[in-house]
Amino acid sequence: MNRQDRPVLYEAKDIINRLAIAVKTAQTYNMDNQAVVRAVEALLQLQAPLCQAEERIGIELLGECFYVNAARVRHTAQYYKNIDFLAGEFRRRELGSLVFCGGVSFSEMSGFVHAFVSCMSAEIPYQRLSEETEQMGGIEIGPLKQVRQDAHADARSMVRRSYFNAVSSMRSLVTRARDGSHMHVRKTKAVVHSLIDLMMKEEKMLIHMTAIKDYDEYTYYHSVNVGILSLAIGMRLGMGRKQLSELGVSAMLHDIGKVRIPDSVLNKTGPFTDAEWEVMKSHPVEGVDTILGSEKLDPAMLRSAIVSFEHHIYYDGSGYPPVKDWLKTDLFSNIISIADHFDAMTSARVYTRVPKPPELALRILFEGSGIDFDPALIKIFVRLTGCFPVGCMVLLDTREMGVVFYINEALPERPIVGIVIDSDGERVRNRLVDLSETDETGAYLRTIKRTIDPFRYGINVAEYLGEADEVA
Ligand SMILES: [Fe+2]
Ligand SMILES: [Fe+2]
């Protein structure tokens, strides 16, 4: 990464967040209210040094994503609500871009926030905002490009909202468990029910969300991803809602024992010593203890305790914790073990910076079929992810390169692909193609030739997967 890119890349979400807070506060109070003054000052505190480093800061809304100086603002559950709020406010004004050119004074920034809020009373808010910002030397605005809110985009926003909501609920659950308080699992159960509802309508999009992995907080996202992938397997096994709900809760809680592992071990970047490994390997048993200490024990929680204990025990009885007179692991544990390994292998964690490409992770699972993993469940999982899982980078017979966006369960070798490099070798964005499309003779327009390693081409797959899109 270019060093000069670092400030904006790392602070992009903060600047959007602080602008959202300033707008929100100014919608409630007068501009001279202390809360508004503090919010504008907080925004300036971030904007001023960034503007000095970058000369100008351009905030642009494209589809559902904000870009700051062309760097896509990363989605985090922590900021999601404010980012989503600001995107909605931009759309309501048909505002597409906001540029801070050089230094902006307090009165200019405060004037802009006021104009942003008050322009809604005008017949054409964008026009009013544009007239008012023209008086401000350091601020420019531009209109919204491609105002498009079709059914696909609506569904995508709904899926994102539910996904981040699940991550937030996981964060509060883990925080309570870490403090030693009783876990309130009622909210987790409600989240699992909403995920089940969404899986029935928008399964592809939810599975797509699990592949983005462009996030800072591995633990929470990992639990939600394992939940979604496990539910997808459970549905293919024909489980009813009650069973699915217990499976989802067990999956979300499978690593809860890690709250008892010291941060020095959990976040260690180098290899573990033998002693540290032993500590790490205690998380399944610590999980049982944490779950059994929760406010209310019911069948779902008892099942979760079993899963926590068993999720690192392989199909042949090896793994940890060591078991004597081993019978057979629970069906839930077998499902969650597959989802857990797949998500862990394909994620960048503190001790494995470079994740495995999803097709390689899938091959590793497949090779462990019957030894490490239940063979019948592996078959289901491979059918679910397809031979080209979401996030896998492929070369097409048209010499285009792309990233698999959505699976096509009926035709696994013909998923929907986001083109990243066109046939002339140029980088492109926001172009989705459906590989099941044919010409008038019935011949396929595009076919995958082989998978390729994104690292060789310096491509960050997560960045593409997180973007808004349109099927060409
Ligand atoms: Fe684990
Ligand atoms: Fe895990």
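The values are calculated or read from the model by the stated rules, or taken from the named source; none is laboratory data. Since this is a predicted model, take the numbers as computed values, not measurements. Here Cβ is always computed from backbone atoms with ideal geometry, including for glycine, and neighbour counts include all displayed protein chains. What goes into the accessible areas is simple: the full protein's heavy atoms, side chains included, and nothing from ligands, DNA or RNA. Shrake-Rupley method; radii C 1.70, N 1.55, O 1.52, S 1.80 Å.
The residues packed around GLN47, meaning those with a beta-carbon under 13 Å from its beta-carbon, carry a net charge of -4 if Lys and Arg are +1 and Asp and Glu are -1.
Shape of segment 9-126 from its Cα gyration tensor (a ≥ b ≥ c, root eigenvalues): rounded if a/c is under 1.5, otherwise prolate when a/b > b/c, or oblate?
Working: a/c = 1.40, a/b = 1.13, b/c = 1.24.
Rounded, because the longest to shortest axis ratio a/c is under 1.5.
All other residues with a Cβ under 14 Å from the Cβ of MET200 taken together, and with Lys, Arg as +1 and Asp, Glu as -1, what is their net charge?
Around MET200, the surrounding residues sum to +1.
Rg over Rh for segment 50-93 works out to 1.00, both radii taken from alpha-carbon positions and Rh defined as the Kirkwood radius. Would you mind checking the tilt of helix 125-134 against the longest principal axis of the Cα atoms of the chain, expressed as 0 to 90 degrees and rounded to 10? Tilt of helix 125-134: around 60 degrees. Each residue of segment 239-244 was assigned a 3J(HN,Hα) from its phi angle through the Karplus expression (A = 6.51, B = -1.76, C = 1.60, θ = phi - 60°), giving 5, x, 4, 5, 5, 4 Hz with x at Gly and Pro.
Amide H contacts of VAL420: MET401, GLY402, VAL403, each under 5 Å away and 5 or more positions distant or on a separate chain (H built 1.01 Å from N in the peptide plane; Pro and chain starts excluded).
Expressed as a rounded percentage, what relative contact order does the chain have, with Cα pairs under 8 Å and six or more residues apart? Working shown, then result.
Working: 737 pairs, mean separation 48.3, N = 472.
After rounding, I find 10 percent.
One decimal place: the segment ILE306-GLU134 gains 55.5 nm when fully extended, by the rule 0.36 nm per residue minus the C-alpha distance.
Which order do the peptides 223-233, 408-418 come out in when sorted by mean C-beta neighbours inside 10 angstrom, highest first?
On the way: 223-233: 25.5, 408-418: 17.5.
Order by mean packing, descending: 223-233, 408-418.
A prolate overall shape is assigned to segment 149-231, the ratio a/c of its alpha-carbon gyration tensor axes (a ≥ b ≥ c) being 1.5 or greater and a/b exceeding b/c.
When a/c is below 1.5 the answer is rounded, else prolate if a/b is larger than b/c, else oblate, so apply that to segment 293-377 with a ≥ b ≥ c taken from the square roots of the Cα gyration tensor eigenvalues.
Oblate is the answer for segment 293-377, as a/c is 1.5 or above yet b/c matches or exceeds a/b.
Mind checking the log10 I(q)/I(0) for segment 218-268 at q = 0.20, 0.24, 0.26 Å⁻¹? Debye, one equal scatterer per Cα, no solvent, two decimals. Scattering profile of segment 218-268, log10 relative to I(0): -0.67, -0.83, -0.92.
Put simply, when 200-209, 448-457 are sorted by average Cβ atoms within 10 angstrom per residue, most first, you get 200-209, 448-457.
Heavy-atom accessible surface of the chain, averaged per residue, reaches 46 Å², computed with a 1.4 Å probe. Summing charges over neighbours of THR290, with a neighbour being any other residue whose Cβ is under 11 Å away from its Cβ, gives +1 when K and R count +1 and D and E count -1.
For segment 367-472, what does the convex hull of the Cα positions come to per residue, in cubic angstrom? With only Cα atoms used, segment 367-472 gives 120 Å³ per residue. The angle between the Cα long axis of helix 151-179 and the main principal axis of the chain comes to about 70°, on a 0 to 90 degree scale.
Only helical DSSP H runs with n ≥ 4 go in: add -39500 (n - 2.57) per run for the chain, normalise by residue count and round the 222 nm mean residue ellipticity to 500 deg cm²/dmol. Let's see the in-between values first.
Values: 17 runs with 245 residues, N = 472.
Calculated from helices alone, the mean residue ellipticity at 222 nm is -17000 deg cm²/dmol.
Scanning residues 5 or more positions from GLY319 or on other chains, those with amide H under 5 Å from its amide H are TYR314, with H placed 1.01 Å from N in the peptide plane. Carbon and sulfur together cover what percent of the accessible area of the chain at a 1.4 Å probe radius? Its accessible area is 51 percent carbon and sulfur atoms. Over segment 30-109, Cα pairs under 8 Å with separation of 6+ residues give a relative contact order of 38 percent. Computed from the alpha carbon positions, the gyration tensor of segment 319-433 leads to an equivalent ellipsoid with semi-axes of 34, 16, 10 Å, biggest first. For segment 372-428, a Kirkwood hydrodynamic radius built from all Cα pairs, placed in the Stokes-Einstein relation at 20 °C and 1.002 mPa s, yields a translational diffusion coefficient of 175 µm²/s.
Each listed q (0.06 Å⁻¹) maps to a log10 I(q)/I(0) for the chain, found by the Debye formula over equal Cα scatterers with no solvent: -0.31. Under 29 Å of direct C-alpha separation, and excluding same-chain neighbours fewer than eight residues apart, LYS324 reaches these lysines: LYS258, LYS281, LYS379. In this structure the amide hydrogen of LEU62, modeled in the peptide plane, comes within under 5 Å of the amide hydrogens of TYR67, none closer than 5 places in sequence on its chain.
Please give the helix 185-212 orientation as an angle from the longest Cα principal axis of the chain, in degrees from 0 to 90, rounded to the nearest 10. The two axes meet at around 80 degrees.
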